[in-house]
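Below is one structure, written out as structure tokens; comments come after it.
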Amino acid sequence: MESSNSAAFEGLLKRGELIESVSEMTPDYLRELKHTLIVSGDTELISAPAYYLAARKAPSVNAFMTGIAIIQDELAHAHIAYHILEELGESQEALIFKRDPKAFRYPYAFDVPLESWTELVVANAMYDQAGFCLLGDIHEQCSYGPWKRGLVKVMAEENFHLRNGRNWSKRISQAGGAAKEELQRAVDWMFPLTVEWFGLPDNLKQHSAQLDYRLKGLTNDQLRPQWLSTVVPFMASIGIQVPAHQENSHYVLDYPFPSTFDAEAKRWDFNDPCTWDDVLSRWRARGPRNAEMVALFQESFSKFLPQRGREISLQQRIWSALAQIDDPEMPINLVDLGVVYGVALEGRTVRVRLTFTAMGCPASDMIIGDIRERLLAEPGVDEVAIDVVWDPPWSSSRMTVEGREALRAWGLSV
Amino acid sequence: MGFVRVHHDVQEYEVFARKTRLEPLRQVGAVVAPDDELAMAYARATYDEERWVEMMIVPKAAVIQLWAPGEAEA
Amino acid sequence: MRYAEWCIAAPTLEADIAAAAMGLDDIGHSRVLYGSLRELGVADVADEAGSYANVPYLDRPWAEWTAFVAANGVLDSAFTLMIEALAGGNVEVLRSRLKKMLQEERYHAMHGRSWMRESRAAADAEQARRDAIVWIGPEGGDVDDLHHKGILSLGVRDIRRRLDEQVGAAPASPPIDWKAWDPVRRRISPGGIDELTLGMLQGLAEKRYMPAGA
């Protein structure tokens, strides 16, 4: 039965159709999809504090508003990715608020502080262009329906960020003098960092399952030139120099790639080429602003949590107690089975909204008895009320990934 | 399993909107919130990519699915 | 602008987004209001920290999410009531223009009041409430005058009562010393907004990006 599911999956993929739910996926596909979503969500999320710290230096309320509008978009885009991850069984709260700063997966460029309005608009013109290339590819190719649909909003808005970056870069260049010099300095350190954004050259890269699964369509060596072909001519058009030039139909970098970067001084040493291993270890160590940005995000969450301490801990204890109760007929707990629709606390009474897999479920009395007994054993609980509901009806799509895997291991096709 | 936020209990809402009086409502996304009021505020803030003529939210738990992709195509 | 400062610091991602959106709404609203003032012949819009008639609660960035929540629940409710009073009054320019603003502000107050139910924000809420009452002004003062002239559809008493209905009545708090009240800046305490915000409001740094000699 497992193999028929996998054949159906291959069929959908081959016909260029969209995958719509976990039940249509193979575990490998689910893993690659989650990984790709995490990178995308993290990138959008971390761009927000990176841009915010620079938007504080906005020269006027109008400029500040534009900065905030862009940040709002980036956050909403992160929300799309994290909410899909949540639908796939991950915890949005754990991903955003409980992860170690070094565990976030976003381009190294955001770890180097943007410290002025000028650097922010250059980021809009170059970083957001890179995001536009990468997401545009995903939007076009993506085999996972919910994400493909979510990206419609994302693409439209990223376009606005690019325009802001370009308009302001042009304006600053036209102002000349010290303003233009500052713009040139920003481009000098940010251009090579954005080139790095597209990752290792294809010949050094391991085989990409993302391409097989149509989670993206273009390779690093195809995306990088796409970016160069928009950014290089634009910078030339506003009189700003970049270390790359056009040869026939393609663009060539004027410096050894990769090179050594001093993040504190924001300086490249093009006389000191390095290896991709050096670059990878710089990325892994993360840059100067990584911890600060994640802390900004997580601080009020951890401060707020103790306020909700009692409710949260009891609520969580009840969910984990329910996750200890197995279905009498199958090796799967009630939470993974997806029959618990909600838990509410009313003083010392716990109300559980429960459904069954079928109306004539012979084990229903036994399950209700198990729940009552187990929850009454929790400190802080005096009474247990169980509301059996049939709306919405249970379906196998309500099972968690873990539950599905447990049943597959047991030999049941789900 | 239910979604988790700092609030003690939350639920998911589907967000529907349309751009013109002519077109039908379509699903534009989802929000997770502890109550209808916050869900309304979130839907409005999160899905502001268009000047919608109409927007509404529905608790996901109230949506009844008749069949899913794959079930009617065979 | 204080809301926008929380766009990367709220306890949920949804609230981050809402903070950014509400910050943008409010800056937009301030433009509508300043624009209306100009149309009504008031050219003199504030230009230094000491001349803004803002609620003192907004002078400085907030250190805690509960302070955000209290502002969002209490100040937005108070502000919405004042806008309702203006929209229901007899100044035609305002009646038509404030409809959208009212709709947006209602979502702000909803957001704030929902979070207030979830938070221990009582101390911040009381401070915000007190600042709001002072900002609205004393009974028999200018707001009541405007009410009698029909420019505002609500008087001080109505506004306070509705505010209590929406955010809960105040616990016993020390009486307000109206003798020290400044009717122009609508506050008792001295002080004003912080330097960074003021700089942005006045566009001081914008000159750097102007072509030389412009």
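FYI, it's all coordinate maths here, none of it is from the lab. Remember, it's a predicted structure, so these values are computed and weren't measured experimentally. Positions of Cβ are generated from backbone atoms using ideal geometry, with glycine treated the same way; all protein chains shown enter the neighbour counts.
Things to note:
- Loop exposure criterion: GluC sites (Glu not before Pro), DSSP state outside H, G, I, E and B, at most 12 other Cβ atoms within 10 Å. Applied to chain A, the longest stretch between such sites is A:1-263.
- Its Cα gyration tensor gives the protein assembly as shown an equivalent ellipsoid, and the semi-axes of that ellipsoid, as √(5λ) in whole Å with the largest first, are 43, 40, 22.
- Sparse-neighbour loop sites [chymotrypsin sites (Phe, Trp or Tyr not before Pro); region A:354-414; at most 11 other C-beta within 10 Å; DSSP]: A:TRP390
- Among C:ALA109, C:ALA18, C:ALA78, residue whose mean-square fluctuation peaks in a GNM of chain C (springs only between Cα atoms under 10 Å): C:ALA18
- For region A:193-280, the Kirkwood hydrodynamic radius comes to 14.7 Å, computed from all pairs of different C-alpha atoms.
- Anchor A:LYS180: aspartates and glutamates whose Cα lies under 19 Å away (excluding residues fewer than 8 positions away in-chain): A:GLU115, A:GLU119, A:ASP188, C:GLU206
- Estimated 222 nm signal from helices in the protein assembly as shown, with DSSP H stretches of n ≥ 4 weighted -39500 (n - 2.57), rounded to 500: -17000 deg cm²/dmol
- Cross-link partners for A:LYS153 among the aspartates and glutamates, with Cα-Cα distance under 12 Å and sequence neighbours closer than 8 places in the same chain left out: A:ASP73, A:GLU74, B:ASP48, B:GLU49, B:GLU50.
- Label-to-label distance, nm, for residues given as A:ASN159 and B:GLN27 (7 Å Cα→Cβ offset): 2.5 nm
- Shielding by partners - mean other protein chain Cβ count within 10 Å, residues of B:7-14: 5
- Listed residues A:ARG214, A:ARG166, A:ARG348, most fluctuating in chain A (Gaussian network, C-alpha, under 10 Å): A:ARG348
- Computed E for C:MET210/A:GLU181 - FRET, C-beta separation, R0 22 angstrom, nearest 0.05: 0.90
- Across chain C, the relative contact order, built from alpha-carbon pairs under 8 Å that are at least six residues apart, equals 26 percent.
- Mean per-residue shielding of peptide A:393-402 is 1, counting Cβ atoms of other chains within 10 Å of each Cβ.
- Less than 5 angstrom separates the built amide H of A:ILE332 from those of A:ASP327, all sequence-distant by 5 or more or on a different chain.
- Pairs over the 23 Å Cα-Cα cut-off, from the set C:LYS99/C:LYS149; A:LYS102/A:LYS303; A:LYS148/A:LYS170: A:LYS148/A:LYS170.
- Every pair of different Cα atoms in chain A enters the Kirkwood calculation, which places the hydrodynamic radius at 24.3 Å.
- For B:45-54, mean number of other protein chain Cβ atoms within 10 Å: 5
- The modelled label-to-label distance between B:ASP35 and A:GLU264, using points 7 Å beyond Cα along the C-beta direction, is 5.2 nm.
- Note on chain C: with a GNM built from Cα contacts shorter than 10 Å, the maximum mean-square fluctuation among C:PRO190, C:PRO175, C:PRO61 falls on C:PRO175.
- Mean separation of Cα contacts under 8 Å, 6 or more apart, over the residue count of chain A: relative contact order %: 15 percent
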